[in-house]
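Q: Handing you a structure now.
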Amino acid sequence: MNKRPDWYIVFFIVVVLIQILFLNKLQFNGFLIPYFYVLFIMLMPVNIPRAMLLVLAFILGISIDIFSSTPGIHASATVLIAFIRPFMIDTSGIEDQEKGMIPSIQNFGFLWFLKYAVVLIIIHHFFLFFIEVFSFKAFFFTLLRSVLSSIFTLVLIVISQFLIYRK
């Protein structure tokens, strides 16, 4: 991934279009709902200013909300992972010389990226699904939806890493 701003604009548009045009329509009885768009936040450079990351997360989330008719649910979940992401990166042992890099499988390895992606995706999905239901009445149903959708999203994101960063 190139670090030029125009590449991030194109990447933003592509991720939103993939989510809106394809993945929002791909649901299996409400259990497997992939939210691939979180990849945009995950692949921001490690040293991006926190305020910029939060603003980009809000714009991304509200874009998905507008096309999904979900008022603020995606925006809040995306801002949450954007808020947590710098703390995860700070505690993951990334060296100072790696601060300008993009957190990808190619740059940090499969196992590091898998841990990073699992935590962010699970936090995003649990928050998203529980705020959507806004009740604990169907706790186990919502928990199952969160887990299954997290796994499906993780698989899509890992596959995309191998497609984006081919050698």
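Q: Report, by residue number, each residue of region 91-131 that is out of contact with any Lys or Arg (no Cβ under 9 Å at 6 or more places or on another chain), at negative phi and not hydrophobic (A, V, I, L, M, F, W, C).
A: Narrowing region 91-131 to residues out of contact with any Lys or Arg (no Cβ under 9 Å at 6 or more places or on another chain): 91, 93-99, 101, 104-105, 107-115, 117-119, 121-124, 126-128, 130-131.
Narrowing further to those that are at negative phi: 91, 94-99, 101, 104-105, 107-108, 110-115, 117-119, 121-124, 126-128, 130-131.
Passing the criteria: T91, E95, D96, Q97, E98, K99, S104, N107, K115, H124.
Q: For residues in region 1-22 being outside any helix (DSSP H, G or I) and exposed (fewer than 12 other Cβ atoms within 10 Å of the Cβ), which is modelled with the highest pLDDT?
A: To start, the set of residues in region 1-22 that are outside any helix (DSSP H, G or I) comprises 1-4, 22.
Checking the rest, the ones that are also exposed (fewer than 12 other Cβ atoms within 10 Å of the Cβ) come to 2-4, 22.
Working: N2: 46, K3: 62, R4: 76, F22: 91.
Result: F22.
Q: Further, regarding this structure: Do the conditions hold for F141, that is, is it at pLDDT 95 or above, within 25 Å of N24 (Cβ to Cβ), surrounded by fewer than 16 Cβ atoms within 10 Å (Cβ to Cβ) and not basic (K, R)? If you could, list the steps in order and put the result at the bottom.
A: Numbers: at pLDDT 95 or above: no; within 25 Å of N24 (Cβ to Cβ): yes; surrounded by fewer than 16 Cβ atoms within 10 Å (Cβ to Cβ): yes; not basic (K, R): yes.
Against the criterion (at pLDDT 95 or above, within 25 Å of N24 (Cβ to Cβ), surrounded by fewer than 16 Cβ atoms within 10 Å (Cβ to Cβ) and not basic (K, R)), F141 does not qualify.
Q: When you go through I157, I73, I94 one by one, which is the residue that is aliphatic (A, V, I, L, M), touching a residue at least 24 places away in the same chain (Cβ under 8 Å), farther than 20 Å from L26 by Cα and out of contact with any strand residue (DSSP E or B) (no Cβ under 6 Å at 6 or more places or on another chain)?
A: Working: I157 fails: farther than 20 Å from L26 by Cα; I73 fails: farther than 20 Å from L26 by Cα.
Just a single option satisfies the conditions, and that option is I94.
Q: Checking V46 against (1) under 13 Å from T78 (Cα atoms); (2) in a loop (DSSP other than H, G, I, E, B), which single condition isn't satisfied?
A: (1)
Q: Among the residues of region 71-95, how many are farther than 13 Å from F127 by Cβ and out of contact with any Asp or Glu (no Cβ under 7 Å at 6 or more places or on another chain)? Please lay out each step first, then the result.
A: Step one: of region 71-95, the residues farther than 13 Å from F127 by Cβ are 71, 85-95.
With the extra rule that they be out of contact with any Asp or Glu (no Cβ under 7 Å at 6 or more places or on another chain), the set shrinks to 85-95.
Qualifying residue count, region 71-95: 11.
Q: From A82, A57, A75, A51, grab the single residue that is surrounded by fewer than 19 Cβ atoms within 10 Å (Cβ to Cβ) and aliphatic (A, V, I, L, M).
A: Numbers: A82 fails: surrounded by fewer than 19 Cβ atoms within 10 Å (Cβ to Cβ); A57 fails: surrounded by fewer than 19 Cβ atoms within 10 Å (Cβ to Cβ); A75 fails: surrounded by fewer than 19 Cβ atoms within 10 Å (Cβ to Cβ).
Testing whether each residue is surrounded by fewer than 19 Cβ atoms within 10 Å (Cβ to Cβ) and aliphatic (A, V, I, L, M) leaves just A51.
Q: Then there's this: Which pairs have Cβ atoms under 9 Å, sit 6 or more apart or on different chains, and link a residue in region 127-144 that is within 22 Å of G61 (Cα to Cα) to one that is loosely packed, with under 11 Cβ neighbours inside 10 Å and not hydroxyl-bearing (S, T, Y)?
A: Filtered contacts from region 127-144: F130/F136; T142/F136.
Q: Go through region 144-167 and give me each residue that's out of contact with any Phe, Trp or Tyr (no Cβ under 8 Å at 6 or more places or on another chain), surrounded by fewer than 19 Cβ atoms within 10 Å (Cβ to Cβ) and not aliphatic (A, V, I, L, M).
A: Those that are out of contact with any Phe, Trp or Tyr (no Cβ under 8 Å at 6 or more places or on another chain), surrounded by fewer than 19 Cβ atoms within 10 Å (Cβ to Cβ) and not aliphatic (A, V, I, L, M): F162, Y165, R166, K167.
Q: Could I ask something else about it? Out of all the residues in region 76-121, which are within 20 Å of I164 (Cα to Cα) and aromatic (F, W, Y)?
A: F108, F110, W112, F113, Y116
Q: Then there's this: What pairs can you find where one residue is in region 23-39 and in contact (Cβ under 8 Å) with a residue 24 or more places away in the chain and surrounded by 15 or more Cβ atoms within 10 Å (Cβ to Cβ), the other is among the aliphatic types (A, V, I, L, M) and assigned to a loop (DSSP other than H, G, I, E, B), and their Cβ atoms are less than 7 Å apart, with a gap of 6+ or different chains?
A: P34/L26
Q: If P103 satisfies all but one of (1) in a helix (DSSP H, G or I); (2) surrounded by 15 or more Cβ atoms within 10 Å (Cβ to Cβ), what's the number of the condition it fails?
A: (1)
Q: So, one more: Considering only region 109-120, I want to know if a residue exists there that is within 21 Å of T70 (Cα to Cα) and modelled with pLDDT of 90 or more.
A: Filtering region 109-120 down to residues within 21 Å of T70 (Cα to Cα) leaves 120.
With the extra rule that they be modelled with pLDDT of 90 or more, the set shrinks to 120.
Within region 109-120 (the criterion being within 21 Å of T70 (Cα to Cα) and modelled with pLDDT of 90 or more), the answer is yes, since at least one residue qualifies.
The values are calculated or read from the model by the stated rules, or taken from the named source; none is laboratory data. Given the structure is predicted, the values throughout are model-derived calculations rather than measurements. So basically every Cβ, Gly included, is an ideal-geometry build from the backbone, and we count neighbours across all protein chains shown.
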